[in-house]
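Trainee: There's a structure below that I have some questions on.
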Amino acid sequence: MSEASRIALGMMRIENLSAGEIRELYTGARDAGVTLFDHADIYGGGEHGCERRFSEALQLGATEREQIVLQTKCGIRPGGKGFDFSADYIVRRAEESLEALGTDYLDVLMLHRPDTLVEPEEVASAFSQLESAGKVRAFGVSNHTAQQIELLKTAVTQPLAVNQVQFGLGHAALVAQGIAANMEGVKQSAMRDGGLIEYARINGITLEAWSPFQRGFFSGSIFEQGGLRELQTVIARMAAERETTPTAIATAWITRHPARMRVVLGTTKASRVAEAVEGAGMVLSRAEWYELFAAAGYEVP
Ligand SMILES: NC(=O)c1ccc[n+]([C@@H]2O[C@H](COP(=O)([O-])OP(=O)(O)OC[C@H]3O[C@@H](n4cnc5c(N)ncnc54)[C@H](OP(=O)(O)O)[C@@H]3O)[C@@H](O)[C@H]2O)c1
């Protein structure tokens, strides 16, 4: 398998792009060094829409296919019908993704959001079927807590090497609790995820930050949303000091964390991919990192 780049390109927003625009975005990302492309069965109308747009627009040859890391997700039932980690469902959705993506293997298959009705043996059965048929090379999860991963591990034998989680200056809960630990009366000090970031570091799980520039749950980008004036001012000042872009600074804030997270971009513009790649190559000082965190409205005791 090719090595996954630190910056990944998410494909959730490509459904309404023309084939030419998808090619331009892909080529720009590849030129900037991106190898990791992130899909889900539900992106684009619920039925593999973005996967199909990707393969039809790009028509990847065998050599190019081998040079990228293609990952997709399953387990959310389209149309708000909950979650399904049954073996049959996982296998069927993965096989549909293979067909939509026009490839005979997935580099990584992830379980998209926890299914509280999960039977770990069912997941284990699905993963083993897909792995032994050569259809999936590695497995991961998304939006899972440490305990949910531990539960899967009671039956799943393949490493769960990746956990894709929402993280960025617009929603930094993963680090916010630890910073305000044990502070009475501070909202931020409430434990929300069972120490997910520390669990990932202890267990060698790579975190992938999705929606790195969104505030809250798709409330708009941190660069344009009202109410974030202080953050925008600090980002702009640091960008000027370092002769770079706001996108680079907001990316560098994520990659500076020693958990060595990947960043899953959602931009549809190749120029912004290049800006993020530049940011991933920068190392913010501790002072800069905490200043950005505080400017985003979090408590630094
Ligand atoms: N695992 C999960 O549960 C999960 C959930 C959601 C998403 N994801 C993955 O994460 C990827 C990224 O999600 P996302 O699209 O929400 O991420 P994002 O990169 O935070 O947001 C992308 C959006 O922000 C805009 N944007 C980016 N930079 C900007 C700037 N400097 N100024 C103004 N607007 C800017 C983009 O517009 P332009 O296109 O104009 O740049 C685009 O509309 C998805 O494609 C998907 O692969 C995973």
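What follows draws every value from the coordinates through simple rules; no lab data is involved. Because the structure is a prediction, the values reported are computed rather than measured. FYI the Cβ positions are ideal-geometry reconstructions off the backbone, even for glycines, and counts take in every protein chain you see.
Trainee: Would you give the gap between the C-alpha center of region 154-193 and the C-alpha center of region 1-56, rounded to a whole Å?
Mentor: Between the Cα centre of region 154-193 and that of region 1-56, the gap is 27 Å.
Trainee: Take the alpha carbon atoms of region 230-262, find their center, do the same for region 99-121, and report the distance between the two centers in whole angstrom.
Mentor: Computed from Cα coordinates, the inter-centre distance equals 32 Å.
Trainee: Based on the alpha-carbon gyration tensor of region 5-68 and its eigenvalue square roots a ≥ b ≥ c, which shape applies: rounded if a/c is under 1.5, prolate if not and a/b is larger than b/c, or oblate?
Mentor: Values: a/c = 1.58, a/b = 1.45, b/c = 1.08.
Prolate, since a/c reaches 1.5 and a/b exceeds b/c.
Trainee: Label 7 Å along Cα→Cβ of M12; region 248-274 residues with amide nitrogen under 11 Å?
Mentor: 264-267
Trainee: A further question on this structure: Which of S55, S271 has the fewest other C-beta atoms within 10 Å, and how do the rest follow up to the most? Show your work: numbers first, answer last.
Mentor: Details: S55 18, S271 11.
Ordered by Cβ neighbours within 10 Å, fewest first: S271, S55.
Trainee: Can you sort M183, M110, M191, M12 by how many other beta carbons sit within 10 Å, fewest first?
Mentor: Numbers: M183 13, M110 27, M191 9, M12 16.
Neighbour counts put them in this order, fewest first: M191, M183, M12, M110.
Trainee: For the residues D115, D193, D38, what sequence is obtained by ranking on other C-beta atoms within 10 Å, fewest first?
Mentor: Working: D115 21, D193 16, D38 26.
Listed from fewest to most nearby Cβ atoms, that is D193, D115, D38.
Trainee: Considering the options Y298, A133, A40, tell which one lies farthest towards the positive end of the dipole of the chain, charges being +1 on Lys and Arg and -1 on Asp and Glu at the Cβ, about the Cα centre.
Mentor: Towards the positive end, the residue furthest out is Y298.
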